[in-house]
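Below is one structure, written out as structure tokens, with a few remarks after it.
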Amino acid sequence: VTTMISHLRLHDIDIYVADLDEAVPPSQRRGAEVLAVRRLCMRALGTGCPEVSHTPEGAPYLPGVVRPFSISHSRTHAAIALGPEGEKYGLGIDIEYPRPRLAALASRFTNAEDTQARDIDGLLHLWAAKEAAFKAAESCIPGSETPIHADPDAKRPLVVSDIVVNLGDCVALLPDGRQMRLAFARAAFPLPQLICLARP
């Protein structure tokens, strides 16, 4: 169940965020997230917008819509990002809320080359940046079902710990040498949220 939809713009990217009802039971959570994303897409593109589809690899896209597109969920919010009409680059969004558990998980997603920000806020920025960069690297070419792969010849799938993040320069480096530009926004919804965007 969504209660409120907000719109913000970060550079040339439109971001739409909806509250999620925390009272929804876990068994109905996925359905609530799908419904929230559908409502966000209709708010952004009108009632005639297509249903979200997914490539075999799981990357979301909007059939027939030639705009970079990405989806994210936190426990309390759903978000979508839409780039400019006609652009064909990978786009990733991540929405996160601060939580101490990130410190316990840090060894799973950080690496020695990352910015050495290891307090909760620094880890939150690193996690959001890596998630957004991962989504941008594995996203779908807008208007098609062709996924963009970070490294098509890799012997194993890309994982977030492969991505090196420099928070000072707001860049994420993928294993294939591509750089993703990062942008952050803080949103004071009922709970504070950090939003990160990544794009080439």
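The values are calculated or read from the model by the stated rules, or taken from the named source; none is laboratory data. All figures in this text were calculated on a predicted structure; none of them were measured in a lab. Here the Cβ is made from the backbone with ideal geometry for all residues, glycine too, and neighbour counts use every protein chain on show. To get the accessible areas, we keep the full protein, side chains included, count just its heavy atoms, and leave off ligands, DNA and RNA. Shrake-Rupley method; radii C 1.70, N 1.55, O 1.52, S 1.80 Å.
Some points to look at:
- Selection among PHE134, VAL164, LEU123 by position relative to the dipole of region 103-197 gives LEU123 as farthest towards the positive end (Cβ unit charges, Cα centre).
- Within the listed set HIS11, HIS77, HIS149, the residue fluctuating most in the Gaussian network model of the chain (springs between alpha-carbon atoms under 10 angstrom) is HIS11.
- For region 49-200, the share of accessible area belonging to carbon and sulfur comes to 54 percent (1.4 Å probe, ligands and nucleic acids excluded).
- The GluC sites (Glu not before Pro) found in region 82-172 that occupy coil by DSSP, while having at most 16 further C-beta atoms within 10 Å, are GLU85, GLU87, GLU113, GLU145.
- Cα-based Rg of region 34-81 normalised by 2.2 N^0.38 Å, two decimals: 1.10
- Once divided by 2.2 N^0.38 Å, the Cα radius of gyration of region 85-179 becomes 1.12.
- Peptide packing: for 44-53, 172-181, 63-72, the average count of neighbouring Cβ atoms within 10 Å per residue gives the ranking 63-72, 172-181, 44-53, highest mean first.
- Rounded to the nearest 20 debye, dipole of region 1-105 from Cβ charges on Lys, Arg, Asp, Glu: 200
- Length gained on full extension, ARG118 to ARG181: 20.6 nm, using 0.36 nm per residue less the C-alpha separation.
- Taking the chain and dividing mean pair separation by its residue count, relative contact order in percent (alpha carbons under 8 Å, at least six apart): 19
- Across region 114-186, Cα pairs under 8 Å and at least six residues apart give a relative contact order of 29 percent.
- For the chain, accessible area per residue (1.4 Å probe, heavy atoms of protein chains only), Å²: 48
- Highest-MSF residue in the chain out of ARG186, ARG156, ARG108 [GNM, Cα springs under 10 Å]: ARG156
- Cα-projected label distance for ARG75 with MET4, points at 7 Å along beta-carbon direction, nm: 1.9
- Couplings 3J(HN,Hα) of region 49-63, computed from phi: 5, x, 5, 5, 10, 9, 5, x, 7, x, 6, x, 7, 10, x Hz, in residue order, whole Hz [Karplus 6.51 cos²θ - 1.76 cosθ + 1.60, θ = phi - 60°; x for Gly and Pro].
- Given (1) 42; (2) 23; (3) 12, the label whose value is percent of Cα pairs over 32 Å apart derived from this model: (3)
- Cα centre as origin, Lys/Arg/Asp/Glu Cβ charges: the chain dipole, Debye: 320
- Each residue of region 6-23 is assigned a 3J(HN,Hα), and the resulting list reads 10, 10, 9, 10, 10, 6, 9, 9, 8, 10, 10, 10, 10, 5, 10, 6, 5, 7 Hz, derived from the Karplus form 6.51 cos²θ - 1.76 cosθ + 1.60 (θ = phi - 60°), x at Gly and Pro.
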